[in-house]
Amino acid sequence: MTGSPPRAPRRQAALLALVLIGGGLLMLPRLGAQSLWVDEGLTVIAVSGAQSVPDLVDRVRTLDTQPPASHLVLYALRGLVPRDEFGWRLSSFLLCEAAIVLLWLAATRLFGPTVAILAAVAAQFSPFLAFYAMEARGYALWLMACCGALYAMQRWLEAPAGFGWAVVWGLANALGLWTHPFHLFAMVMQMVVALTAILKGSVPAGVARRAFGTSLAAQALAVLLFLPCLFAILSRDPIGRGVGWTRNPTGVSVLYYPFALVFGFSFGPSLGELHTDPLRLLLGKHLLASLAAAAAFVVLVLAAALLARQAWDDPRRRALLTGTALALSAGLAGPAIYVVLRSFPLLPRHLIYVWPAVPLLEALALVRLPRLRPALLAVLALQGLALLNLLYNPAYAKDDERGAVRFALARSGERPVVLGDVAPIYAPAGRGLLRNRTDPGEASPFADATDVWLADSRAWEDPEGRYRARLQRTLGGLGLVDAGEDASFRGVVLRHWRRGPSS
């Protein structure tokens, strides 16, 4: 666990470069292919309209529930990249590539170059990772911080008496906290691994007490650097407010988290179906994919069990096995408790800090379990299919609000107003309004409009159409009449009201 393997040879670095180039060739042409959607809008709207860093931070606090690190990255780059879908998502792709490099570095020191390069391959073509590599949100930055902390922790374990790598470890965790508050659970995982190594005697002899102190100092540094953001968060009480909606945890949810970490959101049911369809219907519609996924999980669970047995039989690996098992349990216990206490709508992205365990498991199993290798390659093939679905299958595409808004503006009079999740991005200034921030009973935003359009998506959030009904009444009072709807845009029903001749 604390050995110092030789530096990765040039051949391994060249292989890693090929892996990264392959990922770039596959994903870069698709970065701008789809519309931005609601979650990305929360980031891009704040960044694109900010006039200064303080203004940006204030906008983030108003629009979003996350700390502003990823927003600051986009703000710093917005003059250097195109202000379109490709430009807004490019930093996420590059940050995910950096995360893969850091994961490779950590795996090289932990398990050797062969496991490391296989882990990099599994990570690069993971549909879960690709989803966030192609999204203008903070999860790519968070993953990079997690992998950076993992690498720094491993370097610290090799020389735990010093403060050099402990400081880097603390800085990586500070970046994680400034990106997402759930990074606290990642820090818990890291400390469990570190303490297990100390207690099991895996650190160099005679430095256990000093190692304990430097590990605590690393976490203290992270928390200290996060305090300004923490005070700002507590002053607005978003922890008490939550994210504006809740979801009761179910057994199906528990099954879905590992499914998403392996297959992302483009294998079997789409995100829309997952929000609207009961489990029985989902299984009926996607029976073959469900059976394939179940078989894949049997393979992965079996691989984990066999690797655990191998590690337990080897005293040199036992401490790493114990620390990893305890760390994963502790890291998942935190979100579970938070869900129960707050009815927080836990999503797979909130568990991105445990995702590196997936490619590491696959890589280790490929090297150490030769008899299971054909089944593992089949699992990787299914993940590759999910990745291709994400990139090219319209059934898994984001809602096409970009197309809907452009269609609306091209067919409007002089003063159109468009409501939608990302309408302010695609409609020129003053003509796009955030649907969830606009009261449909308030007439003033539509008083002089020649046309009003509603990009109606995510029907599961308003199944009875109350928002649309209130808007209809308001617009009717202003003399705007129903002019029909268009459902030809992916995930969106575009509804139109036009000012009547008499008005």
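The values are calculated or read from the model by the stated rules, or taken from the named source; none is laboratory data. Because the structure is a prediction, the values reported are computed rather than measured. In this analysis, Cβ positions are derived from the backbone assuming ideal geometry, glycine residues included, and neighbour counts consider all displayed protein chains.
G476 meets all of the listed conditions (1) of a type in the set (G, A, S); (2) part of a strand (DSSP E or B); (3) without any contact (Cβ under 8 Å) to a residue 40 or more places away in the chain but one, namely (2). The number of residues in the range 421-466 that are touching a residue at least 12 places away in the same chain (Cβ under 8 Å) and at positive phi comes to 1. Looking only at residues in the range 258-294 that are in contact (Cβ under 8 Å) with a residue 40 or more places away in the chain and farther than 14 Å from A386 by Cβ, the one that is surrounded by the fewest Cβ atoms within 10 Å (Cβ to Cβ) is H275. Among the residues making up the range 43-66, a single one is surrounded by fewer than 22 Cβ atoms within 10 Å (Cβ to Cβ), modelled with pLDDT of 90 or more and touching an Asp or Glu at 6+ places or on another chain (Cβ under 9 Å): A50. The set of residues from the range 141-171 being within 23 Å of A333 (Cα to Cα) and touching a Phe, Trp or Tyr at 6+ places or on another chain (Cβ under 8 Å) comprises W142, L143, C146, A149, M153, W169.
So which residues in the range 342-359 are under 21 Å from A122 (Cβ atoms), part of a helix (DSSP H, G or I), within 14 Å of the chain's Cα centre (by Cα) and not aromatic (F, W, Y), if there are any at all?
P348, R349, L351, I352, V354
For the range 360-412, filtered to residues that are of a type in the set (S, T, N, Q) and within 22 Å of the chain's Cα centre (by Cα), the residue that is nearest to V301 (Cα to Cα) is Q383.
Residues are listed down the side, and each one gets a yes or a no for (1) in contact with a helix residue (DSSP H, G or I) (Cβ under 7 Å, 6 or more places away or on another chain); (2) farther than 27 Å from F131 by Cα; (3) acidic (D, E); (4) buried (at least 16 other Cβ atoms within 10 Å of the Cβ):
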position	(1), (2), (3), (4)
G323	yes, yes, no, yes
A327	yes, no, no, yes
A336	no, no, no, no
S343	no, no, no, no
P348	yes, no, no, yes
I352	yes, no, no, yes
L364	yes, no, no, yes
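Among the residues examined, L302 qualifies as at pLDDT 95 or above, over 21 Å from Q154 (Cβ atoms) and part of a helix (DSSP H, G or I). Within the range 428-467, being assigned to a helix (DSSP H, G or I) and over 24 Å from G500 (Cα atoms) holds for N436, R437, A459, W460, E461.
Taking the range 97-133 as the range and being over 20 Å from V262 (Cβ atoms) and not in a helix (DSSP H, G or I) as the test, only G112 passes. Within the range 401-415, residues that are within 16 Å of A487 (Cα to Cα) have Cβ atoms under 7 Å from residues that are at pLDDT 95 or above and polar (S, T, N, Q) in these pairs: E401/S35; R402/S35; G403/S35, counting only partners at least 6 apart in sequence or on another chain. For V339, the test of being farther than 24 Å from C146 by Cα and in a helix (DSSP H, G or I) is failed.
Within the option set A186, A194, being surrounded by 24 or more Cβ atoms within 10 Å (Cβ to Cβ), in the same structural domain as L271 (by TED's automatic domain parsing) and modelled with pLDDT of 95 or more holds for one residue only, A186.
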